Each structure stands twice: as structure tokens, then as C-alpha cells.
Amino acid sequence: QVQLVESGGGLVQAGGSLRLSCAASGNIFSFNAMGWYRQATGKQRELVAAISSGGATDYADSVKGRFTISRSIAKNTLYLQMNSLKAEDTADYYCNARRSMVEYWGQGTQVTVSS
């Protein structure tokens, strides 16, 4: 059973930075893709950033140039570096991993950006 555990959320002022981490219980190289999603209150969950097993990355337009997704295969950890944070980035952030047709989710970590 795959477990994903997020950390690094918190309260930050607008313009600040946070780095989220997602520790996986298995070898992350075995996943077809991993990503970060977020869900703000009253809104649908949306994809923020994704990385394929080959290392290709993709970002939501709203975070391009501000967020960077990366991974450490040695540490089995996925990261999301978030810079120039805005109030609209406030949400619960979730780590996602996909292997074949199965998806796995972390429990989420809260990010609050004060303006």
C-alpha cells in the first residue's frame, strides 16, 4: 500500500515562499506521474503542477514562473517550491501519485497566504 505524507504548509505573507514536501512509502520512480493539487474553500480540486517519470513538468497557468515541482528519487520525496505567493494560492494542497490505473493521495497540507 502506497502512503503519501505531505508537510511544509503553513501561514505566510503575500510575496513569501514555502516549500511543500511529499514523502512516499515506495520508490517514486515506479510512478507514472506525480503531482500537486490544491483545493480552496468552495472550489474544485485543481492540478497545480505535475512531473512525469521521465522528469517532464507541467504547471497550471496561474502558478507558472512562481512554483517549481521537483523530486528526489533517492529520498522518495516530491517537492513544490512556491515563491511570490498570493492570497489566491490559499488552499489545501494534496500530493498525488499515479501507477498504472491507480491513483494515490496524501492527506493534504494547508497553505494560507495573508494579504
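Mind checking the per residue accessible area of the stretch 5-115 for me, 1.4 Å probe, whole number of Å²? Write down the numbers at each step before the final one.
Numbers: 5760 Å² over 111 residues.
Ligands and nucleic acids excluded, the figure is 52 Å² per residue.
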Percent antiparallel among DSSP beta bridges confined to the chain, rounded to 5, stands at 90
Straight distance only, please: which lysines reach the Cα of residue 75 with their own Cα at less than 30 Å, same-chain residues fewer than 8 apart left out?
64, 86
Of 84, 100, 25, which is the most mobile in a GNM of the chain whose springs link Cα atoms less than 10 angstrom apart?
100
Candidate aspartates and glutamates for bridging to residue 43, where Cα separation is under 14 Å - those fewer than 8 sequence places away on the same chain excluded
88, 89, 92
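The values are calculated or read from the model by the stated rules, or taken from the named source; none is laboratory data. Given the structure is predicted, the values throughout are model-derived calculations rather than measurements. Ligands, DNA and RNA are stripped out before the accessible areas are found, and what is left, the full protein with its side chains, is counted by its heavy atoms. Shrake-Rupley method; radii C 1.70, N 1.55, O 1.52, S 1.80 Å.
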